[in-house]
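To keep things clear, I will list the structure first and then write my remarks on it.
The values are calculated or read from the model by the stated rules, or taken from the named source; none is laboratory data. This is a predicted model, so every value here is computed, not measured. Here the Cβ positions follow ideal geometry from the backbone for every residue, glycine too, while neighbour counts run over all protein chains shown. Remember, those area values only see protein heavy atoms, side chains included, never the ligands or the DNA or RNA. Shrake-Rupley method; radii C 1.70, N 1.55, O 1.52, S 1.80 Å.
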Amino acid sequence: MPIVHVKQLTNGAKLAEEVYTSLGGLLFAKGTSLYEREIEFLEAFMIEQVQIEDAELISAEPAAPAQVEEKQAPKITIKVVKPDFQEHFKHAVSKLKNLMIRVEGGDNIPVMEVREVVSPILAQIQEQPQILLSLRKFAGMGAYAYEHAIAVGLISYMIAKWTKVPEKEWMQVALAGTLLDIGKTKVDRRILQKPGKLTPDEFEEMKKHTVYGYQIIKASHGLSEGVALAALQHHEREDGSGYPLGLPGSKLHVYSKIVAVADVYHAMCSDRVYQKGQSPYLVVEQLVQDSFGKLDPNIVHTFVNGITQFAVGTLVELSDGTLGKIVFTDRKHPTRPMVETGGRIVNLAEARHLSIVKVMEH
């Protein structure tokens, strides 16, 4: 039974022996037929040679020796968020809170000061984009509105980058995310802080924060029309079911579509008074469902692909209580990665009864 180079395999070759990852997890069982997808997995795990049953299922084309020599054992490490990000995030929340109190008192938005608050953490999020999977760790419950504003600004910035919005607009998109709820400074505080369900009249007043936000941003210098429209339209939906104007997706500014995805993602991941936060993986699966009619599907899919591509090495808890580490994300199933747990590989794209219920750390 020949041992062959992965580059020489043809579709239909059958494994004569089990294939294990460098960490000892079973990747493929003996007898597995290898097709394009399986060969892609072997290459992704940098497995160079396998033993197969039939020598005729070997490509005549020899493997390039240089490529074999250059390959190294895969390094699957746990990415660690630098402690200074947490400090910078906390500092940004505190400063934004002080700035928003001034706006509540009647001042225009101090745009340059808001930019100075978000700029340092925007630089960090580009260096450590995997933080987007664990923003929940930086919540303190006491200042959720401001934590949410900073987080939505960060997420919106990265979505703008991934969706090929021109680079000169990235900061405006970040400000659109940070200021999307600025209109709540004009809503009765008793409504904002009410722990129970709002009455129909209270909800109508709450919905006005979108219009108030538009007016406040329009009156401030240094913010584009897109930022104002994001505040106005971030609760509109693709099918026209949102508020305040019930506009369909074709009438919405791209900034509002971006911040809507960021807003929903962070809100669903966060612990709030009336709701326990969900795992980022459960949330992005929900976002994909919401892209049918509610959220812009192109922006959702770009965001989901972007946020999951940095997940290798992340410790997670599965719905059956087992702990594992993400070892591979298939681009076809970004929300259902391969997880190594207890010496075996669980492919969540196939094990549909399981899901990631918690991101443990990065």
Residue within the stretch 327-342 that is touching a Ser or Thr at 6+ places or on another chain (Cβ under 7 Å), modelled with pLDDT of 90 or more, open to solvent by 30 Å² or more (accessible area, probe 1.4 Å) and over 30 Å from residue 248 (Cα atoms) present: no
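Mind telling me which of the residues 294, 257, 276 ends up being out of contact with any Pro (no Cβ under 9 Å at 6 or more places or on another chain), under 25 Å from residue 136 (Cα atoms), surrounded by fewer than 17 Cβ atoms within 10 Å (Cβ to Cβ) and among the charged types (D, E, K, R)?
Working: 294 fails: surrounded by fewer than 17 Cβ atoms within 10 Å (Cβ to Cβ); 257 fails: surrounded by fewer than 17 Cβ atoms within 10 Å (Cβ to Cβ).
Among 294, 257, 276, only 276 is out of contact with any Pro (no Cβ under 9 Å at 6 or more places or on another chain), under 25 Å from residue 136 (Cα atoms), surrounded by fewer than 17 Cβ atoms within 10 Å (Cβ to Cβ) and among the charged types (D, E, K, R).
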Residue list for the stretch 34-52, restricted to those being under 18 Å from residue 16 (Cβ atoms) and either open to solvent by less than 60 Å² (accessible area, probe 1.4 Å) or within 29 Å of the chain's Cα centre (by Cα) (or both): 34, 38, 39, 41, 42, 47, 48, 50, 51, 52
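Out of the residues in the stretch 324-362 that are part of a strand (DSSP E or B) and among the polar types (S, T, N, Q), which is farthest from the chain's Cα centre (by Cα)? Break it down into steps so the answer makes sense when it comes.
In the first step, residues of the stretch 324-362 are kept if they are part of a strand (DSSP E or B); the result is 324-328, 338-341, 344-347, 356-361.
Cutting the leftovers down to among the polar types (S, T, N, Q) gives us 341, 347.
On the way: 341: 23, 347: 20 Å.
Within the stretch 324-362, the match that is farthest from the chain's Cα centre (by Cα) is 341.
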Neighbours by Cβ (under 7 Å, 6+ apart or cross-chain): first from the stretch 203-215, farther than 14 Å from residue 245 by Cα; second crowded, with 18+ Cβ neighbours inside 10 Å and among the charged types (D, E, K, R): 213/181
Any hit, the stretch 145-157, residues being at pLDDT below 95, open to solvent by 20 Å² or more (accessible area, probe 1.4 Å) and touching a Lys or Arg at 6+ places or on another chain (Cβ under 6 Å): yes
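Yes/no matrix, rows are residues, columns are (1) closer than 23 Å to residue 90 by Cβ; (2) of a type in the set (Lys, Arg); (3) assigned to a loop (DSSP other than H, G, I, E, B):
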{"residue": "137", "(1), (2), (3)": "yes, yes, no"}
{"residue": "146", "(1), (2), (3)": "yes, no, no"}
{"residue": "155", "(1), (2), (3)": "yes, no, no"}
{"residue": "158", "(1), (2), (3)": "yes, no, no"}
{"residue": "194", "(1), (2), (3)": "no, yes, yes"}
{"residue": "210", "(1), (2), (3)": "no, no, no"}
Identity of the residue in the stretch 84-114, closer than 25 Å to residue 303 by Cα and open to solvent by 80 Å² or more (accessible area, probe 1.4 Å), that ends up modelled with the lowest pLDDT: 86
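If a residue has to be open to solvent by less than 30 Å² (accessible area, probe 1.4 Å) and in contact (Cβ under 8 Å) with a residue 60 or more places away in the chain to count, how many in the stretch 309-326 make the cut? Before the answer, list the steps.
Taking the stretch 309-326 and keeping what is open to solvent by less than 30 Å² (accessible area, probe 1.4 Å), we get 311, 313-314, 316, 318, 324, 326.
Cutting the leftovers down to in contact (Cβ under 8 Å) with a residue 60 or more places away in the chain gives us 311, 313-314.
Qualifying residue count, the stretch 309-326: 3.
For the stretch 183-192, which positions are assigned to a helix (DSSP H, G or I) and open to solvent by less than 50 Å² (accessible area, probe 1.4 Å)? Write out each step before concluding.
The initial filter retains those residues of the stretch 183-192 that are assigned to a helix (DSSP H, G or I), namely 183-186, 189-192.
The answer is 183, 185, 191.
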Of the criteria (1) in contact (Cβ under 8 Å) with a residue 24 or more places away in the chain; (2) more than 19 Å from residue 294 (Cβ to Cβ), which one residue 244 fails: (2)
From the options 175, 133, residue that is aliphatic (A, V, I, L, M) and touching a His at 6+ places or on another chain (Cβ under 7 Å): 133
Residue match in the stretch 225-247 (condition: over 30 Å from residue 113 (Cα atoms) and either β-branched (Val, Ile, Thr) or assigned to a helix (DSSP H, G or I) (or both)): no
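Can you confirm whether residue 169 is in contact (Cβ under 8 Å) with a residue 40 or more places away in the chain, among the acidic types (Asp, Glu) and either farther than 15 Å from residue 100 by Cα or surrounded by fewer than 21 Cβ atoms within 10 Å (Cβ to Cβ) (or both)?
yes
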Odd one out for residue 225, checked against (1) at pLDDT below 95; (2) closer than 26 Å to residue 302 by Cβ: (1)
